[in-house]
1. Run down A:Ala153, A:Ala144 and say which single residue is touching a Cys at 6+ places or on another chain (Cβ under 8 Å), touching a residue at least 60 places away in the same chain (Cβ under 8 Å) and either within 13 Å of another protein chain (Cβ to nearest Cβ) or under 30 Å from A:Ala277 (Cβ atoms) (or both).
2. Quickly run through the stretch B:245-268 and pick out the residues that are among the small types (Gly, Ala, Ser) and crowded, with 16+ Cβ neighbours inside 10 Å.
3. Please verify whether the stretch A:165-186 includes one or more residues that are part of a loop (DSSP other than H, G, I, E, B), closer than 23 Å to A:Pro288 by Cα and not assigned by TED's automatic domain parsing to the domain that holds A:Asp34.
4. Scanning the stretch B:104-123 for residues that are over 19 Å from the mean Cα position of the chain (by Cα) and open to solvent by less than 10 Å² (accessible area, probe 1.4 Å), which turns out farthest from the other protein chains (Cβ to nearest Cβ)?
5. Do we find that A:Gln178 is touching a residue at least 12 places away in the same chain (Cβ under 8 Å) and not aliphatic (A, V, I, L, M) in this structure?
6. Would you be able to tell me the number of residues in the stretch A:70-91 that are more than 8 Å from every other protein chain (Cβ to nearest Cβ) and assigned to a strand (DSSP E or B)?
7. Residue check: is B:Asp51 at the interface with another protein chain (Cβ under 7 Å from one of its Cβ atoms), in a helix (DSSP H, G or I), touching a residue at least 24 places away in the same chain (Cβ under 8 Å) and buried (at least 24 other Cβ atoms within 10 Å of the Cβ)?
8. So which residues in the stretch B:271-303 are at pLDDT below 95 and open to solvent by 30 Å² or more (accessible area, probe 1.4 Å)?
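The values are calculated or read from the model by the stated rules, or taken from the named source; none is laboratory data. No experiment lies behind these values; they were computed from the predicted model shown. Don't worry about glycine lacking a Cβ; one is built from the backbone with ideal geometry, like all the others, and counts go over all protein chains shown. In case anyone asks, the SASA skips ligands and DNA or RNA and just uses the protein heavy atoms, side chains included. Shrake-Rupley method; radii C 1.70, N 1.55, O 1.52, S 1.80 Å.
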There are 2 protein chains.
Amino acid sequence: MSLGEFGLIGRYFQRTALQHAGGNAAVALGIGDDAALLEPTPGCQWVISTDSLVQGVHFPGVYSPFDLGYRALAVAVSDLAAMAARPLGFTLALTLPDVDESWLQGFSDGLARCAGDHHISLIGGDTTRGPLNIGVTVYGEVPAGQALRRSGARPGDLLCVGGPLGDGAAGLAVVLRQSLPEQLDAGGRDYLARRFWQPRAQCELGLALRGRATAAMDISDGLLQDAGHMARASGVALHLQRSLLPHCAALAAWPECQRLDWMLRGGDDYVLLFSIAAADLEQLGDWPVTVIGRVEAGEGVWLDGQPAAADGGYQHFKEPSDG
Amino acid sequence: MSLGEFGLIGRYFQRTALQHAGGNAAVALGIGDDAALLEPTPGCQWVISTDSLVQGVHFPGVYSPFDLGYRALAVAVSDLAAMAARPLGFTLALTLPDVDESWLQGFSDGLARCAGDHHISLIGGDTTRGPLNIGVTVYGEVPAGQALRRSGARPGDLLCVGGPLGDGAAGLAVVLRQSLPEQLDAGGRDYLARRFWQPRAQCELGLALRGRATAAMDISDGLLQDAGHMARASGVALHLQRSLLPHCAALAAWPECQRLDWMLRGGDDYVLLFSIAAADLEQLGDWPVTVIGRVEAGEGVWLDGQPAAADGGYQHFKEPSDG
């Protein structure tokens with residue numbers, strides 16, 4: 001990039017909307033010096049997660065830059081939600097093949113929308129020329145000892161999810177314009193495409209689960225595979241009940257076998273999966289969470305009493321030419 | 001990447017050498033959950049910087065994976081040194097075209113060596129398939145209010161550098177096997193190539209400058225360009241004296257005009273540039289720093305009394321085919 005190009009790019013990311021997106025005012029020094037400075041809240045731990053998005057792996061070749069910006073930040077913030085952290089800010093390492101102002105406008109608008117949804121600021125970044133690659137690192141904080149890990153599920157806990165399953169995979173089918181069932185109307189298509197491109201990280205739910213849930217994670221690779229991670233980390237068996245798995249109305253347009261496969265093995269749902277004692281669940285109030293099973297002694301993930309295989313799991317989006 | 005490939009890659013980065021590289025024991029939870037947890041030191045601010053390295057932009061096509069791993073982390077840590085921060089840890093967002101075990105071994109060994117040099121741990125990461133892209137985000141801390149910014153230089157301060165200038169650009173010439181002067185012996189070549197591939201971030205000097213220097217930054221884009229950033233941020237003029245600029249013995253093999261161009265406009269030196277009152281410099285003790293000029297009222301960067309242009313500055317490494 002020439003210096004002029006760097007200046008141009010900087011203008012899109014140094015906008016007020018990205019620098020002061022909300023009330024989490026922990027940023028002592030943002031973009032413009034060698035590094036950013038953040039003010040920790042006394043008694044809190046720092047929570048950090050990093051993700052990179054590559055075209056053809058994490059998103060299709062045809063997309064709106066706004067959606068891509070939103071999604072890049074949302075999937076990273078979802079990891080903070082899973083730890084019950086309050087999001088504070090993010091850094092962006094952006095590799096771009098060229099300087100396209102309409103792309104930069106849309107992408108930075110999408111980032112700013114997601115940043116505003118979570119009241120976080122862009123605190124630093126790095127821009128390089130090369131094949132498109134979007135690296136987002138998110139920062140949050142949690143009172144010491146209150147982070148929710150994958151390892152705390154105990155026999156007797158209920159197993160819950162924070163929202164409908166299968167939206168991510170069905171949304172991808174819509175985005176890729178795969179053959180869609182006739183029963184799926186325009187409203188359903190729009191809803192699902194939006195769920196794929198603009199997933200809402202469940203940060204508020206994560207905060208509500210502090211001190212209540214025993215283990216939590218976000219579902220990014222499909223329920224069965226992610227439940228397997230939690231079962232292993234906690235040293236327990238997770239028993240799921242098929243009839244309890246929640247899905248949105250739009251998913252009813254697909255045959256049950258397809259729907260179930262997406263709910264169990266589809267990725268990119270970004271809803272929380274958590275274990276919680278029944279008494280603590282009652283105290284959670286009116287969060288729209290769904291009990292989908294129980295934690296028991298043993299190991300592995302079980303569906304209606306049978307061992308459930310993740311079947312190689314979900315590898316996010318792959319271009320059809322990937323094979 | 002298949003799950004098996006992810007597991008294979010994970011083995012290289014979850015080694016003890018990277019997870020517990022040193023004594024900065026602030027990592028409460030590292031790789032393996034949704035996010036990492038870090039324990040802040042009471043009274044400290046967090047310092048964060050992100051960089052991405054792309055082949056053909058930041059490093060040549062021919063390289064040793066060990067060197068690349070070392071350099072990727074070192075250049076990021078240098079930004080912490082420039083803020084007078086104590087480095088604590090880093091995250092790695094790695095995009096790889098394929099899974100090459102000897103590459104992974106060398107790269108992770110180089111990362112581990114640099115992590116060990118600075119007593120920091122790899123606290124989290126993300127691996128994706130795609131064109132090679134290395135995203136490193138580093139974390140450090142500094143007592144509140146003691147970070148060194150670019151904006152504090154005051155008329156009357158001395159302007160100093162923490163080491164020789166021009167090594168990065170001369171090292172790149174050696175690495176690219178450009179036509180080299182006959183006077184440059186094998187020892188000089190090795191020294192310069194090592195300075196390019198394994199720059200030593202000046203963290204200890206940064207710590208020593210806390211409470212003493214008035215402004216600091218690391219020289220990554222060339223002395224004139226970076227001094228220009230400091231002059232603007234501080235609202236002062238920086239007056240450099242050509243005869244004071246330090247260089248290593250190996251650089252004497254080149255004609256003076258080439259040497260001077262690299263010292264003024266070459267990039268990738270990663271030594272600190274800082275302003276400091278004369279009395280405070282005396283108290284600094286026996287750090288090998290060099291006074292190269294003075295801070296005065298006014299604006300811009302001056303060399304021997306003449307306005308000095310950065311001439312478009314240094315754009316890091318570019319493949320010759322880039323034009």
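1. Values: A:Ala153 fails: touching a Cys at 6+ places or on another chain (Cβ under 8 Å).
Step by step, each of A:Ala153, A:Ala144 is checked, and only A:Ala144 is touching a Cys at 6+ places or on another chain (Cβ under 8 Å), touching a residue at least 60 places away in the same chain (Cβ under 8 Å) and either within 13 Å of another protein chain (Cβ to nearest Cβ) or under 30 Å from A:Ala277 (Cβ atoms) (or both).
2. Within the stretch B:245-268, the first condition is being among the small types (Gly, Ala, Ser), and the residues that meet it are B:249-250, B:252-253, B:266-267.
If the condition is that a residue be among the small types (Gly, Ala, Ser) and crowded, with 16+ Cβ neighbours inside 10 Å, then B:Ala250, B:Ala253, B:Gly266, B:Gly267 are the ones that fit.
3. Applying the first criterion (part of a loop (DSSP other than H, G, I, E, B)) to the stretch A:165-186 yields A:165-166, A:176-185.
Subsequent filtering for residues that are closer than 23 Å to A:Pro288 by Cα retains A:165-166.
This time we only want the ones that are not assigned by TED's automatic domain parsing to the domain that holds A:Asp34, so: A:165-166.
Yes, the stretch A:165-186 contains a residue that is part of a loop (DSSP other than H, G, I, E, B), closer than 23 Å to A:Pro288 by Cα and not assigned by TED's automatic domain parsing to the domain that holds A:Asp34.
4. B:Leu104
5. Numbers: touching a residue at least 12 places away in the same chain (Cβ under 8 Å): no; not aliphatic (A, V, I, L, M): yes.
So A:Gln178 does not fit the description; no.
6. Final tally of qualifying residues: 5.
7. On the way: at the interface with another protein chain (Cβ under 7 Å from one of its Cβ atoms): yes; in a helix (DSSP H, G or I): no; touching a residue at least 24 places away in the same chain (Cβ under 8 Å): yes; buried (at least 24 other Cβ atoms within 10 Å of the Cβ): yes.
In short, no.
8. Looking only at the stretch B:271-303, we keep the residues that are at pLDDT below 95, and these are B:282-288.
Scanning the stretch B:271-303 gives B:Glu282, B:Gln283, B:Gly285, B:Asp286, B:Trp287, B:Pro288.
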